[in-house]
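Okay, structure first, notes after.
Nothing in this text is a laboratory measurement; each read-out follows from the coordinates by a stated rule. Since the structure is predicted, the reported quantities are computational estimates derived from the model, not experimental observations. Glycine also receives a Cβ, built like all others from the backbone with ideal geometry; neighbour counts cover every protein chain displayed.
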Amino acid sequence: MEKTLKNQTAIITGGSRGIGRACCELFAQLGANVVFTYAKSKDEAQELAKKLKTCQCKHLSLQADVRDYGQCREIVTKTLDNFRKIDILINNAGIIKDKALMMMTLEDWKDVIDTNLNGTFNMTRACITTLLKQKSGCILNISSVSGLTGTPRQTNYCASKAGIIGFSKALAKEIASYNIRVNTICPGYIATEMVTALRDDVKKKIIENIPVKRMGTANEVANLCAFLASGESEYITGEVIKIDGGLAI
Ligand code: NDP
């Protein structure tokens, strides 16, 4: 494949596993310098770093909690120290803590909002001055079909993901004149640890409801991210793009 992201610097949060990891691997193959973060998965992060070494690109692996604005600023400082610019930010780090509202604690609510929504704010806020000064950049926020349609037992998650959509649309309008694009991706069910951990009978039921009768793969989401981060999609901003095998039709 042509190196469509050659010499681009991409920050990808939650790169140790799942969708974030697939993005790291693909972006590196496409020639980008990859800065990836993780929260706890040190072994997985080391393994990924080893794999990225085999690509010609440069990479940086950083343990950082997106809930902490100070740590997000550190990510940006270290990225600029190493690569002098930020071309792409993918706000991917996310968690679920599913429960019926009646059983949901304030902590369950706050953890999910803090990671998914406030984490997106923290990283974007930490990058924004650099992007505005550069007068270029691309932000991809990973939301979810659940943020569009609502899913029972996920009030915290759906609120965080719907919040990301509003945030992205507002920011897209705010900074379009600075040549910075902001798009939102809404995956349906993607076969990562977040979903494979579900009971088999639950997974079977989920698949029955997906028109294409299978879950998506992290690589398929990474391909969409690569397109939206590349010059091939220069006229697309403020969009909310589903990748869900028809789930939300
Ligand atoms: P995984 O659970 O496989 O990976 C989550 C990633 O986020 C890990 O790298 C994890 O790091 C990181 N992370 C979690 N909390 C924090 C934190 N506080 N600070 C920094 N990093 C953190 O998830 P997926 O790959 O499945 O999901 C990626 C994104 O896609 C999420 O935003 C999710 O909501 C969204 N999504 C996923 C869907 C799916 O079906 N899988 C469907 C719709 C949306 P560590 O490994 O260290 O824990």
Can you give the Rg to Rh ratio of the chain, both from alpha-carbon atoms, with Rh computed by the Kirkwood formula? 0.95
Using θ = phi - 60° and the Karplus relation 6.51 cos²θ - 1.76 cosθ + 1.60, list the HN-Hα couplings for the range 182-187 in order, rounded to whole Hz, with x at every Gly or Pro. 10, 10, 10, 10, 10, x
Length-normalised contact order for the chain - Cα pairs under 8 Å, 6+ apart - percent: 19
Note on the range 35-76: the mean projected area of its alpha-carbon convex hull, in nm², is 2.9
Using a Cα-Cα cut-off of under 27 Å, which lysines could be cross-linked to LYS58, ignoring same-chain neighbours fewer than 8 residues away? LYS3, LYS6, LYS40, LYS42, LYS50, LYS78, LYS85, LYS133, LYS135
Size-normalised alpha-carbon gyration radius of the range 16-110, reference 2.2 N^0.38 Å: 1.24
Mind checking the angle between helix 69-83 and the chain's longest principal axis? C-alpha axes, 0 to 90 degrees, to the nearest 10. 40
Once amide H atoms are placed 1.01 Å from N in the peptide plane, what residues at a sequence separation of 5 or more from THR9, or on another chain, have their amide H within under 5 Å of its amide H? ASN33, ASP87, ILE88
Relative to the longest principal Cα axis of the chain, at what angle does helix 42-53 sit, 0 to 90 degrees, rounded to 10? 50
Compute the angle between helix 119-134 and the longest alpha-carbon principal axis of the chain, please, reported from 0 to 90 degrees and rounded to the nearest 10. 30
Computed lengthening from LYS203 to ALA176, 0.36 nm per intervening residue step minus Cα-Cα distance: 5.7 nm
More than 17 angstrom apart: percent of Cα pairs within the range 114-249: 62
Alpha-carbon Rg/Rh ratio, for the range 1-41, with Rh computed the Kirkwood way: 1.00
Whats the longest run of the chain with zero GluC sites (Glu not before Pro) that are DSSP loop and have at most 14 other Cβ atoms within 10 Å? 3-233
Mean separation of Cα pairs under 8 Å and 6+ residues apart, divided by the residue count of the range 125-199: what relative contact order is that in percent? 39
